[in-house]
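Below: one structure, written as structure tokens.
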Amino acid sequence: MEHFSVIQSLCRVGLDTGDERVRKQVERLRDRLMKAADKQCADTLDRLLTAKQSEGAMAPSVVQVSRALVKGEELTANVHPPVDRETSVPLAEVLLHPAAGLPSPIHNETLQLALTALVNEWGKVDELRAMGVEPSRSCLLYGPPGTGKTLTARTLASKLDLPVINARIDGLVSSFLGTTARNIANLFDFANRYRCVLLLDEFDALAKMRDDPHELGEIKRVVNTLLQNLDARSGVGLTIAITNHQGLLDTAVWRRFENHIRVELPDLETRLAMLNAFLLPLSLEADVTKALAFVVGARSGSDLRTFADMLKRGLVMRGEAATPQALFASVKALLPRLGMGYEEGTPAQYLLNDENAFIGAAIHSSGLGIRQESLAQMLNCSQSKISRAAAEWSEQVQ
Ligand SMILES: Nc1ncnc2c1ncn2[C@@H]1O[C@H](COP(=O)(O)OP(=O)(O)OP(=O)(O)O)[C@@H](O)[C@H]1O
Ligand SMILES: [Mg+2]
């Protein structure tokens, strides 16, 4: 289709607005192109639509939390958080627009539903009360590093249209006896005065102190203060805590949270959605994205974002168009810069050291479904090489 790249850019800009009418028109255009047998352009628009849908998946439009439910003064830029008495380090930072400048989180459907349910409770307060319950006010997000926990917590707050008081662990934890507990109490007092979400990121830093055998009395004091303050806050505002080390948390602290939401490393489908979103404005063939997801393996969203950024940088620096072949040459060049390709038996290592094994593993990887002709294009080799390598691989594994 003539001038399709311009049309594609227009569609991308339009979809960025999140306007449903634009989405409908892009869908119409995709369907017309499909009817006109322009499959390539139709597929490109389809990928654009899917990527944007995943980005905006943590949708529900903002739920307005009523002032009667989350009470307190309005936070403004002039409100200053308390500081540690000895070091003068602030105990928190105020984020008036907690999701400003951040991308939308992309998660698998199960997690998506859990997060959406949490937000939607605040839009059904009367119905919940008729059943004798209140919307949940506390949530613990836990899981491996870089999976988007902080991003998700800040997006949750923004979906509730509430600012965030983000606790600063470096300000809270003090080496002076009794000071950490006092800082915690001051932080909660401050948070309880305002309409906000209290975000306790890297929460284990407080619970972790239990490990220190010389500090028994102090640790008890800190955990007790935490428990008392979490209890007192349960009817006041919303609290989200985050940890990578859920095993370190005091069980009594753990119980204080109603929702325990595990944020896992992304599965294949989620990795594909992430790559589609992170690689924009590139819009790659589905098989190419699948092969990239296969090379990267079970990595976090944060690693995938770095990978996508490096890939785009690589293309620009080499002055190449994003053909499947150029992309794969670029991937090979960047794997060592990402510390990938050293682990035996991984797709990244195969790609660098044993192309036949890479082909065999990719073709036979369950659920991936890359076509042989696409793989031949990416690796710039003949289709007969692909079928030979695939056959050899199945003989070996049998
Ligand atoms: N699920 C995701 N969806 C979209 N982007 C993601 C996701 N996970 C990670 N990212 C990208 O990685 C960045 C870092 O994510 P974030 O800091 O939220 O992870 P985290 O789980 O809090 O990590 P840590 O445990 O190290 O604190 C995000 O700003 C985003 O660019
Ligand atoms: Mg984090």
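The values are calculated or read from the model by the stated rules, or taken from the named source; none is laboratory data. None of these values were measured; they are calculated from a predicted model. A quick note on method: Cβ atoms are made from the backbone with ideal geometry, for glycine too, and the neighbour counts reach across all protein chains shown. What goes into the accessible areas is simple: the full protein's heavy atoms, side chains included, and nothing from ligands, DNA or RNA. Shrake-Rupley method; radii C 1.70, N 1.55, O 1.52, S 1.80 Å.
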Based on what the data block shows, is TYR194 aromatic (Phe, Trp, Tyr) and within 16 Å of ligand 2 (Cβ to nearest atom)? no
Using the structure shown, decide if ASP31 is among the acidic types (Asp, Glu), farther than 29 Å from ASN183 by Cβ and at pLDDT 90 or above. yes
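Mind listing whichever residues of the range 228-257 are β-branched (Val, Ile, Thr) and touching a residue at least 40 places away in the same chain (Cβ under 8 Å)?
Of all residues in the range 228-257, those β-branched (Val, Ile, Thr) come to 236, 239-240, 242-243, 251, 253.
Matches in the range 228-257: VAL236, THR239, ILE240, ILE242, THR243, VAL253.
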Please go through the range 239-259 and give me each residue that is within 16 Å of ligand 1 (Cβ to nearest atom) and out of contact with any Leu (no Cβ under 9 Å at 6 or more places or on another chain), ordered by number. ASN244, HIS245, GLY247, LEU248
Suppose the filter is outside the structural domain of PRO105 (by TED's automatic domain parsing), without any contact (Cβ under 8 Å) to a residue 40 or more places away in the chain and of a type in the set (A, V, I, L, M); does ALA391 pass it? yes
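Given the residues VAL133, VAL119, which is the only one that is away from ligand 2 (no atom under 16 Å from the Cβ), assigned to a loop (DSSP other than H, G, I, E, B) and either hydrophobic (A, V, I, L, M, F, W, C) or in contact with a Ser or Thr (Cβ under 9 Å, 6 or more places away or on another chain) (or both)? Break it down into steps so the answer makes sense when it comes.
Numbers: VAL119 fails: assigned to a loop (DSSP other than H, G, I, E, B).
Within the list VAL133, VAL119, the selection yields VAL133.
Assess whether ALA100 counts as being within 15 Å of ligand 1 (Cβ to nearest atom) and touching a helix residue (DSSP H, G or I) at 6+ places or on another chain (Cβ under 9 Å). Even if it seems obvious, please write down each step before you answer.
Numbers: within 15 Å of ligand 1 (Cβ to nearest atom): yes; touching a helix residue (DSSP H, G or I) at 6+ places or on another chain (Cβ under 9 Å): yes.
Taking the combined requirement at face value, the residue satisfies it.
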Within the range 375-398, track down each residue that is open to solvent by 10 Å² or more (accessible area, probe 1.4 Å), under 15 Å from VAL331 (Cβ atoms) and outside any loop (DSSP other than H, G, I, E, B). GLN377, LEU379
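Residue under question is THR116, and the condition is that it be away from ligand 1 (no atom under 14 Å from the Cβ) and not assigned by TED's automatic domain parsing to the domain that holds SER302; does it hold?
On the way: away from ligand 1 (no atom under 14 Å from the Cβ): yes; not assigned by TED's automatic domain parsing to the domain that holds SER302: yes.
Considered against the rule, which asks whether it is away from ligand 1 (no atom under 14 Å from the Cβ) and not assigned by TED's automatic domain parsing to the domain that holds SER302, THR116 comes out as yes.
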When both residues are 6+ apart or on different chains and their Cβ atoms are under 8 Å apart, which pairs have a first residue that lies in the range 108-129 and is over 30 Å from LEU275 (Cα atoms), and a second that is of a type in the set (A, V, I, L, M, F, W, C)? GLU121/LEU128; TRP122/VAL63; TRP122/VAL65; TRP122/LEU69; TRP122/LEU160; GLY123/VAL63; VAL125/LEU69
Count of residues meeting criterion [in contact with a strand residue (DSSP E or B) (Cβ under 9 Å, 6 or more places away or on another chain) and within 16 Å of ligand 1 (Cβ to nearest atom)] in the range 119-146: 5
Checked pairs for the range 137-155, first within 26 Å of SER234 (Cβ to Cβ), second of a type in the set (Lys, Arg) and within 7 Å of ligand 1 (Cβ to nearest atom), C-beta under 9 Å and 6 or more apart or across chains, list as LEU141/LYS149; TYR142/LYS149; GLY143/LYS149
From the option list ALA232, ALA181, ALA205, single residue qualifying as within 16 Å of ligand 1 (Cβ to nearest atom), modelled with pLDDT under 95 and at negative phi is ALA205
